[in-house]
Amino acid sequence: MLQAYGLTDKGRVRPTNEDCFAIQEELGLCVIADGMGGHNAGEVAARLAVDAVVDYVTEHAWVRQGADWGQTGVGIGSDPNWPKWPFGLDPSLSADGNLLRTAILLANVQILEAAIASNDYAGMGTTIVAARAIGGRLSVAHVGDSRLYLVVDRHIRQVTQDDSWMVSMLAHDPIADPMLLQHHPMRNALTNVVGARARTDVHVAEQALAGGELLLLTTDGVHGVLDENRIARMMLEDEEPRAIAHGVIKAALARGSHDNCTAVVARYTHD
């Protein structure tokens, strides 16, 4: 089961909060998004994306009760009662991995349609991280530079990978100096978001859970000013997700974050 708590703050610079999050403990689901676009369109994009994921997972959460897709592929699409999977199915992923991937692709379509319907929403988009921790497995689907950190046995690891110019450059040129790129004006430019084009690239990561793990989902207003070591210390300072989330947001604001700040903290115990 999942015990989770989320907190968001518009920060001390931005006039509005374009971050959004949702928690559905009974589904083991946490979602976070960071919108972008003028006329408050970023707020709209983030809300559309989060709602799309929650609605789709809620509607189809029962599929994990079927065959073990992640290992056998048995039953995928063979039963008329299963979802239709409008974007196809990846048999290498679990049922939850496919659910989250499909939900984000549907969110991409909804944001594009909203942008076409209103000039005020033209060009809007959003990052997103959607995680489901249930049944001894963690599935994470993500786009953009919002992050999910996992703490296991007092060790922290970033599960997601930023869709940013800097990360892309390092991937294409392993000998590039990260310290030099850190000061490049394009370092934080996003290379992939939800709602920017007809088909976004959804990354999915999955792993087994033993119980006792801590999850932290953040927007870049938080991890842009708090390094991994500082985050790890705060994750281990308290047992309660609520206290950890408040501490993370307080620390990000104290460090002078110029962006909206959002953190969702969850503790997984074995079902």
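Observations, loosely collected:
- Close pairs (6 angstrom Cβ cut-off, 6 or more residues apart or separate chains): free of Cβ contacts under 8 Å to residues at least 24 places away in the same chain in the range 84-103, of a type in the set (Gly, Ala, Ser) and surrounded by fewer than 24 Cβ atoms within 10 Å (Cβ to Cβ) anywhere: Pro91/Gly73
- Residue that is surrounded by fewer than 14 Cβ atoms within 10 Å (Cβ to Cβ) and within 27 Å of Gly97 (Cβ to Cβ), where the choices are Glu228, Glu206, Glu239: Glu228
We did not get these values from a lab; they are worked out from the coordinates using the rules stated. For clarity, every value in this text was computed on a predicted model and none was experimentally measured. Cβ: placed from backbone, ideal geometry, glycine included. Neighbour counts: every protein chain shown.
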